[in-house]
Amino acid sequence: MRIARTVAEVRVARAQLPEQLGFVPTMGALHAGHLELVRRARDENQAVAVSIFVNPTQFTSVDDFRKYPRDDERDLALLAESGVDIVFLPTTETLYPVGFGTTIDVGLVAVPFEGIARPGHFGGVATVVAMLFNAVQPARAYFGEKDAQQLRVVRQLVTDLLMPIEIVAVPTVRDEDGFALSSRNTLLTLDQRAAAAAIPRALVAVQRSWDAGERDAERLRQRLSDELALEPTLSIEYASLADPETLVEHEGQIEGAALVLISVRLGAVRLIDNCLLSLPLDCR
Ligand code: AMP
């Protein structure tokens with residue numbers, strides 16, 4: 001496994017690998033969700049690159065950026081075990097030298113939900129993803145459905161800017177109680193972790209209503225927030241149903257599919273999750 005810390009190093013390492021390179025961008029503090037992306041990339045390509053970079057421009061709070069969990073040594077050991085060929089581990093100064101000026105705005109899909117909760121977040125994401133793609137030059141890139149709006153933003157980026165990269169979506173890896181794995185979960189106390197089980201419970205509840213034939217957006221949204229409200233320590237930032245393609249909030253009778261999007265706060269920790277309602281059994 002080659003560890004590249006500069007853009008020049010990653011370009012040299014990449015040039016020695018076959019064209020069919022799968023790429024997994026991450027912010028580190030790796031868990032089984034990240035490793036599932038790596039496994040898929042390894043299965044579907046001739047070589048695999050992973051980046052670890054806690055991107056400051058996608059954080060809206062300095063405190064959140066500082067507190068974000070980091071453990072490069074453990075991450076590198078996990079990636080070596082997983083058969084990764086290149087790890088790109090740039091510093092902030094490497095990617096954002098003095099004079100850096102570009103921000104990519106992908107338009108409407110970046111506006112609602114996380115776009116409102118974290119102004120500037122998706123500009124940071126789209127820009128760093130484009131930079132990482134240009135440095136690593138993969139054939140395919142792997143993103144988790146856990147961050148559904150991010151996935152939509154990346155698809156928009158690649159389509160609009162004519163990037164010759166296939167975006168592969170990987171289903172969310174969950175704990176036994178359904179709680180989605182996330183690097184931020186290490187910041188939760190045991191009590192908060194127990195309370196967080198309300199999130200997958202709410203997703204399953206709305207899935208049940210959907211499976212039973214409910215298509216009224218308001219009633220489905222109500223079901224979602226009622227279920228979340230059963231856990232009093234959890235505060236809801238948004239709990240919505242949107243069109244999976246446009247991310248416009250559904251109103252009235254829903255025709256076609258719906259993306260259920262949840263963001264909650266447990267103490268200082270912000271958690272997001274989602275599930276797609278189309279055919280039955282999506283959330284389970
Ligand atoms: P992050 O390190 O949080 O930026 O995540 C890196 C990639 O891993 C993103 O594409 C995430 O959507 C994906 N990811 C994070 N958590 C999970 C999970 N529980 N299951 C699947 N993919 C995930």
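Would it be correct to say that T127 is under 29 Å from A4 (Cβ atoms), surrounded by fewer than 18 Cβ atoms within 10 Å (Cβ to Cβ) and either among the hydroxyl-bearing types (S, T, Y) or within 13 Å of the ligand (Cβ to nearest atom) (or both)?
Spelling it out, it is not the case that T127 is under 29 Å from A4 (Cβ atoms), surrounded by fewer than 18 Cβ atoms within 10 Å (Cβ to Cβ) and either among the hydroxyl-bearing types (S, T, Y) or within 13 Å of the ligand (Cβ to nearest atom) (or both).
From the list A110, A49, A80, exactly one residue is out of contact with any His (no Cβ under 9 Å at 6 or more places or on another chain), away from the ligand (no atom under 14 Å from the Cβ), at pLDDT 95 or above and not polar (S, T, N, Q). Which is it?
A80
Is it the case that region 91-99 has a residue that's in a helix (DSSP H, G or I) and either within 13 Å of the ligand (Cβ to nearest atom) or free of Cβ contacts under 8 Å to residues at least 40 places away in the same chain (or both)?
Within region 91-99 (the criterion being in a helix (DSSP H, G or I) and either within 13 Å of the ligand (Cβ to nearest atom) or free of Cβ contacts under 8 Å to residues at least 40 places away in the same chain (or both)), the answer is yes, since at least one residue qualifies.
What are the pairs with Cβ atoms under 8 angstrom where one residue, in region 29-47, is in contact (Cβ under 8 Å) with a residue 12 or more places away in the chain and the other, located anywhere, is of a type in the set (S, T, N, Q) and assigned to a helix (DSSP H, G or I)? Sequence gap at least six, or different chains.
A29/S183; A29/T186; L30/S183; H31/S183; H31/N185
Which condition number in (1) free of Cβ contacts under 8 Å to residues at least 24 places away in the same chain; (2) not in a loop (DSSP other than H, G, I, E, B) is the one that L76 fails?
Checking L76 against (1) free of Cβ contacts under 8 Å to residues at least 24 places away in the same chain; (2) not in a loop (DSSP other than H, G, I, E, B), the one that fails is (1).
Out of region 1-46, which residues are among the β-branched types (V, I, T) and within 16 Å of the ligand (Cβ to nearest atom)?
Hits for region 1-46 are V24, T26, V38.
Taking L162 and the conditions (1) in a helix (DSSP H, G or I); (2) farther than 20 Å from L35 by Cβ, which numbered condition does it fall short on, given that it satisfies the others?
(1)
Per-residue answers, yes or no, for (1) within 16 Å of the ligand (Cβ to nearest atom); (2) under 29 Å from P69 (Cβ atoms); (3) buried (at least 18 other Cβ atoms within 10 Å of the Cβ); (4) of a type in the set (G, A, S):
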| residue | (1), (2), (3), (4) |
| --- | --- |
| P200 | yes, yes, yes, no |
| A217 | no, no, yes, yes |
| E231 | no, yes, yes, no |
| L241 | no, no, yes, no |
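Would you be able to say whether some residue in region 178-193 is farther than 26 Å from I3 by Cα, part of a strand (DSSP E or B) and within 10 Å of the ligand (Cβ to nearest atom)?
yes
Just checking, does region 133-152 include any residue being more than 30 Å from V264 (Cβ to Cβ), of a type in the set (G, A, S) and in contact (Cβ under 8 Å) with a residue 24 or more places away in the chain?
yes
The values are calculated or read from the model by the stated rules, or taken from the named source; none is laboratory data. Quantities reported herein were computed from a predicted structural model and do not represent experimental measurements. When we count neighbours, we look across all protein chains shown, and the Cβ atoms used for this are built from the backbone with ideal geometry, even at glycine.
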